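Below: one structure, written as structure tokens.
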Amino acid sequence: MNQKLAFYIALLFATTTYAQVGGRSTYQFLNLLNSPRQAALGGKVVTNYDYDPTQGLFNPASINPAMDNQLSLNYVNYLGDVSYGSAAYAYLWDRRTQVLHMGATYVNYGKFDGYDEQGNPTNSFGGGEVALSFGHARNVAFTNFHVGGNIKLISSKLEQYSSFGIAADLALMYVYEDWDLHITAVARNLGTQITPYENTYEKLPFEVIVGFSQTLQNIPIRWHFTLENMQRWNVAFANPNRDENDLEGNTTSEKISFVDNAFRHMIFGLELFPEGGFNIRLGYNVRRAEELRIIDLRAFAGLSAGFSIKLNKLRLSYSYSKFSNAAVSSYFGLNLNLQ
């Protein structure tokens with residue numbers, strides 16, 4: 001594969017999948033955040049059980065009748081010339097079949113200048129990936145549990161190389177309406193490449209996410225707590241840029257403690273006025289904050305914020321997520337009630 005393209009894609013997903021967890025599998029765009037709401041709450045939030053069909057792209061167990069005839073369109077102005085977006089729609093077929101869900105996620109890497117082995121300019125080229133999703137969820141009879149699944153068809157083209165794959169998401173969700181409490185577990189991206197880029201079949205970015213959320217009584221606040229990458233305990237790494245040298249020339253590397261590694265699985269989010277026409281969202285991603293932290297410089301990496309405004313059958317959303325002083329992303333979303 002063209003080395004320059006490979007370099008840019010590796011750089012892109014270093015900020016998205018956070019170092020050690022990234023680089024182990026292909027189709028990493030499947031882990032990109034799907035909506036402004038999810039981005040504002042710190043990312044990978046899987047506990048919303050309401051009107052928003054975009055949530056079904058990350059957690060199929062959240063697909064429910066409130067999503068009926070809801071269309072969601074989202075766009076992200078990402079890093080550099082990279083952009084991506086998603087679309088999701090849900091339809092209530094009948095009370096027995098319940099809700100059918102469809103979605104799409106794409107990423108456009110922009111244009112690259114091509115060079116041959118001697119460094120001579122050749123033709124420019126691009127790269128892009130897309131995933132089509134089909135999902136369904138059902139309530140387990142006489143319980144508060146919901147089960148759901150997604151099937152995803154994946155297409156990727158990077159310069160002259162292309163690949164096709166298939167993946168599935170499986171999820172279980174507990175909704176206790178008396179306390180407005182949601183607990184869920186999701187196994188994402190179970191699948192394989194059907195056609196590899198060349199001769200080597202690569203793994204998909206499998207991940208297990210566990211989430212909890214609840215609306216406080218008599219207070220218009222909903223809290224979200226997410227545990228990401230539960231399939232892999234060690235998600236931290238020692239950053240060589242944080243090595244310290246003493247006067248004798250001895251080097252002390254950064255030490256990652258048990259507690260530090262545990263916290264790097266955590267994402268915290270808050271929604272103010274979650275049921276209102278105007279909604280404020282705040283999030284903090286511990287791992288992103290730690291791995292993109294700059295020593296002796298307050299960069300506020302890991303923080304995110306956003307809002308939404310409901311205008312009749314239209315809901316507009318915007319979020320701002322900071323990676324560092326030089327890397328920020330804006331997320332734009334539109335939700336339409338087609339009923």
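Calculated mean residue ellipticity at 222 nm for the chain: -2500 deg cm²/dmol, from DSSP H runs with n ≥ 4 weighted as -39500 (n - 2.57), summed, divided by the residue count and rounded to 500.
A Förster radius of 41 Å combined with the Cβ-Cβ distance from SER330 to PHE258 puts the calculated FRET efficiency at roughly 0.65.
Axis of helix 3-16 versus longest Cα principal axis of the chain: the two differ by about 50°, to the nearest ten degrees. Percent of C-alpha pairs per 10 Å bin in the range 37-100, short distances first: 22, 47, 23, 7, 1.
Under the combined filter of DSSP loop state and at most 11 neighbouring Cβ atoms within 10 Å, the range 51-143 retains these trypsin sites (Lys or Arg not before Pro): ARG95, ARG96.
Pairs of Lys residues in the chain, spaced 8 or more positions apart or belonging to different chains, with C-alpha separations under 30 angstrom: 27 in total. Over the chain, the pair-distance histogram of Cα-Cα distances with 10 Å bins from zero comes to 5, 24, 34, 23, 10, 3, 1, 0 percent, rounded to whole numbers.
Any read-out appearing in this document is the output of simple, stated calculations on the displayed coordinates, not a laboratory observation. These figures come from a predicted structure and were not determined experimentally. As a convention, Cβ positions derive from the backbone with ideal geometry for all residues, glycine included, and neighbour counts pool all protein chains shown.
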